[in-house]
Amino acid sequence: MSVAVIIYDRGMGRWEPNARGRLQQAAMDLFLERGFEQTTVTEIAERAGLTQRTFFRYFSDKREVLFAGSDTLRDLMVDALVSAPASAAPIDAVAASLQAAGAALQEGGEHPRRRQAVISANAELRERELIKLASLASALADALRRRGIADPAASLAAEAGIAVFRIAFARWIADPAQPDFPQVIRESLEELKAVTTGR
C-alpha cells in the first residue's frame, strides 16, 4: 500500500496552527516596538508568517486585536455575579464578578500589562477602553436587576464596582512585583467600604 505525500507550496492555502495567537503576539510586539498608529495589518500578518486574508478571518481591524476578549470578560463577570449567593449584598455580588475577572487577567501573564502599555499611548484606544468599562458596568447593573435589585442601587453598585476594578487594575499594572491581582481588588474594595462608612 502506498501513502500519498501532499506537499504545499507557498501559494496554496493551508491550515495554520494557532493563527489567532500568532497574530495577537505579532501585533502586540509591533504595537510596542513601533506604536499602534504606525503598525499596519500587512506588517502584523507578515510578522506572524500569515496573510492579510488570515488576519481578517480573526479580526475586523487591528484595534480588535486589543479588544477581542471584551465579550468573554463580560460574560465571565456576569456569570460570577449571577452565581453569587442570593443573600449577598449588591456590592458583594459585584465583588464576586471582580474577583473572577481579576483571576482571569492574572492568568494572562504579561499580556494585560503589555496591552495596557499600548492603550495608554493612544487616545483613541483609551476612549475605546472607557467605552468597554461602561459596557461592563451596564452588564453588571442588568445582572443585579435580574437578581431583584432595583435602581438606583443596581446602577450604583455596578458603577462603584467598575471604578474599583479600574483603580485596582492601574495599581496592579504599575507594580510588576505584585502578582496577585485578586488581592489588589480585595484591598481596593476594602478602601471603598472604608470611605463609604467613614471608618
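Values in this text are rule-based calculations from the coordinates and carry no lab data. Predicted, not measured: the structure shown is a model, and the values here were computed from it. So basically every Cβ, Gly included, is an ideal-geometry build from the backbone, and we count neighbours across all protein chains shown.
Remark: the residue 42-residue 86 segment gains 10.8 nm on full extension, using 0.36 nm per residue and subtracting the alpha carbon distance. Sites count as exposed loop sites when they are GluC sites (Glu not before Pro), lie in a DSSP loop, and have at most 14 other Cβ atoms within 10 angstrom; the longest stretch of the chain without one is 111-199. Placing +1 on each Lys and Arg Cβ and -1 on each Asp and Glu Cβ, with no other charges, gives the chain a dipole about its Cα centre of roughly 240 debye.
In the set (1) 8, 28, 33, 22, 8, 1, 0; (2) 9, 32, 32, 20, 6, 1; (3) 8, 29, 29, 18, 10, 4, 2, 0, 0, which value of P(r) over Cα pairs in 10 Å bins from 0, in percent was calculated from the structure you see? Answer label, from the structure shown: (3). Relative contact order for the chain: 18 percent, from Cα pairs under 8 Å spaced at least 6 residues apart, divided by residue count.
Modelled label positions at residue 103 and residue 32, each set 7 Å beyond Cα in the direction of Cβ, lie 2.7 nm from each other.
In this label model, residue 167 and residue 134 are separated by 2.1 nm, measuring between points 7 Å along each Cα→Cβ vector. Set the Förster radius R0 to 45 Å, insert the Cβ-Cβ distance between residue 194 and residue 61 as r into 1/(1 + (r/R0)^6), and round the FRET efficiency to 0.05. The computed FRET efficiency comes out at 0.55.
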